[in-house]
Amino acid sequence: MFVRNLRISLCLVFLAGSVTAADWTRFRGPNGSGVSADGPTPPTTWSDSENVKWKAVLPGPGLSSPIVFGDRVVITCWSGYAVDARDLGSQEDLKRNVVCLDRQTGDVLWSHEEPALLPEDTFSRMFVQNGYASHSPVTDGERVYVFFGKTGVLAFDLGDGRKLWQESVGENREGKGWGSASSPIVHNGLVIVPAFIEGDALVAFDGKTGKVAWKQEAPGYRSNWSTPILVEANDRTDLVMTVPGEVWGLNPANGKLRWYCEIPGSDGARPSVISAGDVIVAMGSGRGGGSSSAIAVRAGGKGDVKDTHQIWEGRETSSIGTPVIRDGQLYVVKNKVVTSVDMKTGKRVAQTRLTGSGGNADASSDDNREERPDRGDRGQGGGRSGGGRGGFGGGMGGQDYSSPVIAGNNLYWASRAGDVFVVELGDSMKQVSRNSFDSDRGEYSSTPAISNGELFIRSAGSLYCVANKE
């Protein structure tokens, strides 16, 4: 079985910097949890004219999530090609962009434009739903690191934007035409890059020099779009990630496999793992579009831990987005239904359907297949355009990609169509509001960032800072 070949070799490490609890320094914030630190919470209502601190129009589209460190916000995108789906232009003009913004004003502090290594994936079919800037950046507080697929891994000085180094992790392209999306992480001076598609590998770089600290290759990674996390257990740290069919715990010092556990019914890895203490929840992707499982497993084991460390197996799974955990409950958003799951048992606690009218509805007996009615032309090339860019991403015809995030007692989740829902959490859930920027009809597939009561929302071509005006 190919997953056994995947296990043959493995690696990972991260880079720790001088960050605070309020910083949102990687995909889904602190250790990929999706939960903002205690403090002020973002507003629950906003619009083009309400509770918007600033809007920044980006050089081009993208799906990557913003990161926040101190007074700086960093985001990536692409430009020069396939910016307007009605007129793609020439792939020879494709560039990758890194943009650093002033957190208070949204003004550009520095930016970098990197020519793409060609040929790149063709902008057609499923790749249109992904694009050329889906990997979120990461920072250690001194440098910012970006992953641009076959164009490589790049490091920049966070202060002035100087390019410090650039290294390749492989030039493979994903066989199904979906592209890649896994994001780098940092820990203990190393940048860990999940080059699942480009190099069938995990690669650790020295953050200062760009020198390869170690690299381990494993066939079969190419059905993996997830991002790893770190979990403390039994006086050690495990690097935890999903692979097609299993969840793995690795030694972050050398990348070697410590333990693994099967995820039944899975042959892909789209949602990332998430943890509460030393308990990890991993979700697989079903074979041929079929059903898959979610499992809860305790970190700190050795070898096959299914019989010794698995806590439960459940059926509440997410298609693409990563779930979020708060106060002993797991929250999953799928097909615009929010489901809460007891972390101790894996049993469903409550469900609520997200509605276009801002109301609340019980979804416990529904088949979870409802989609919002169209709000305008959503055919390929005719959907919303972030910043006037004309239909990036094939309109609104694709799946929702964003993951939920939590601040205080509220869950925030962005639909692809541009509706950001706010749900009050607890034993039962209540939809508080549905918010959108009617002037920006671009796609919203990025996961929001939260820091110090401010919510950073990315459309295809713009970035917004939402905050209470007082």
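The values are calculated or read from the model by the stated rules, or taken from the named source; none is laboratory data. Please read all numbers here as calculations on a predicted model, not as lab measurements. We place every Cβ from the backbone using ideal geometry, glycine too, and count neighbours over all the protein chains shown.
Scanning the stretch 102-120 for residues that are touching a Ser or Thr at 6+ places or on another chain (Cβ under 9 Å) and surrounded by 13 or more Cβ atoms within 10 Å (Cβ to Cβ) yields 103, 113, 114, 116, 117, 120.
Quick check, is residue 337 without any contact (Cβ under 8 Å) to a residue 40 or more places away in the chain and closer than 24 Å to residue 408 by Cα? Spelling it out, residue 337 is indeed without any contact (Cβ under 8 Å) to a residue 40 or more places away in the chain and closer than 24 Å to residue 408 by Cα. Might you let me know whether the stretch 172-183 holds any residue that is touching a residue at least 12 places away in the same chain (Cβ under 8 Å) and assigned to a strand (DSSP E or B)? No, the stretch 172-183 contains no residue that is touching a residue at least 12 places away in the same chain (Cβ under 8 Å) and assigned to a strand (DSSP E or B). Residue count for the stretch 98-150 satisfying the condition of being over 30 Å from residue 21 (Cα atoms) and either in contact with a His (Cβ under 8 Å, 6 or more places away or on another chain) or acidic (Asp, Glu) (or both): 4.
Just one residue in the set 211, 176 is surrounded by fewer than 21 Cβ atoms within 10 Å (Cβ to Cβ), at pLDDT 90 or above and of a type outside the set (A, V, I, L, M, F, W, C); that residue is 211. For the stretch 193-208, the candidate set comprises residues that are surrounded by fewer than 24 Cβ atoms within 10 Å (Cβ to Cβ) and of a type in the set (Asp, Glu); within that set, the residue that is farthest from residue 150 (Cα to Cα) is 206.
Checked against the criteria, residue 190 does not count as over 22 Å from residue 237 (Cβ atoms) and either of a type in the set (A, V, I, L, M, F, W, C) or touching a Lys or Arg at 6+ places or on another chain (Cβ under 6 Å) (or both). The residue pairs whose first member lies in the stretch 127-147 and is at pLDDT below 95, whose second member is among the charged types (D, E, K, R), and whose beta carbons are closer than 7 Å, counting only pairs six or more residues apart or on different chains, are 127/121. Hey, could you check the stretch 308-349 for residues that are among the hydrophobic types (A, V, I, L, M, F, W, C) and assigned to a loop (DSSP other than H, G, I, E, B) and say which is nearest to the chain's Cα centre (by Cα)? Here the answer is 320. Looking across the stretch 159-183 at every residue that is of a type in the set (A, V, I, L, M, F, W, C) and more than 21 Å from the chain's Cα centre (by Cα), the one that is nearest to residue 194 (Cα to Cα) is identified as 165. When you check residue 114 against the structure, is it at pLDDT 95 or above, in contact with a strand residue (DSSP E or B) (Cβ under 6 Å, 6 or more places away or on another chain) and of a type in the set (Asp, Glu), yes or no? Yes: the conditions hold for residue 114. Restricted to the stretch 198-227, and to residues there that are β-branched (Val, Ile, Thr) and either in contact with a Leu (Cβ under 7 Å, 6 or more places away or on another chain) or free of Cβ contacts under 8 Å to residues at least 60 places away in the same chain (or both), the residue that is nearest to residue 139 (Cα to Cα) is 209.
Could you look through the stretch 423-454, keep only residues that are of a type in the set (Val, Ile, Thr) and surrounded by 23 or more Cβ atoms within 10 Å (Cβ to Cβ), and pick out the one that is farthest from residue 326 (Cα to Cα)? Only one residue tops the list, namely 447.
Please verify whether the stretch 229-250 includes one or more residues that are surrounded by 22 or more Cβ atoms within 10 Å (Cβ to Cβ), in a loop (DSSP other than H, G, I, E, B) and out of contact with any strand residue (DSSP E or B) (no Cβ under 6 Å at 6 or more places or on another chain). No, that holds for no residue. Within the set 243, 305, 273, the sole residue that is closer than 28 Å to residue 174 by Cα and at pLDDT 95 or above turns out to be 273.
Could you check the stretch 251-260 and list, in sequence order, the residues that are assigned to a strand (DSSP E or B) and surrounded by fewer than 22 Cβ atoms within 10 Å (Cβ to Cβ)? Selection gives 257, 258.
Of all positions in the stretch 282-295, none carries a residue that is modelled with pLDDT of 95 or more and either among the charged types (D, E, K, R) or over 21 Å from residue 351 (Cα atoms) (or both). Can we say residue 89 is buried (at least 19 other Cβ atoms within 10 Å of the Cβ) and closer than 29 Å to residue 128 by Cβ? Judged against the criteria, residue 89 is not a match.
Pairing residues of the stretch 99-114 that are of a type in the set (Gly, Ala, Ser) with residues that are in a loop (DSSP other than H, G, I, E, B) and buried (at least 17 other Cβ atoms within 10 Å of the Cβ), at Cβ distances under 9 Å and at least 6 apart in sequence or on separate chains, gives 111/59; 111/161.
Given the criterion at pLDDT below 95 and at positive phi, identify the matching residue among 89, 29, 39. Among 89, 29, 39, only 39 is at pLDDT below 95 and at positive phi. Could you tell me whether residue 165 is under 25 Å from residue 53 (Cα atoms) and of a type in the set (Phe, Trp, Tyr)? No; evaluated as a whole, the condition is false for this residue.
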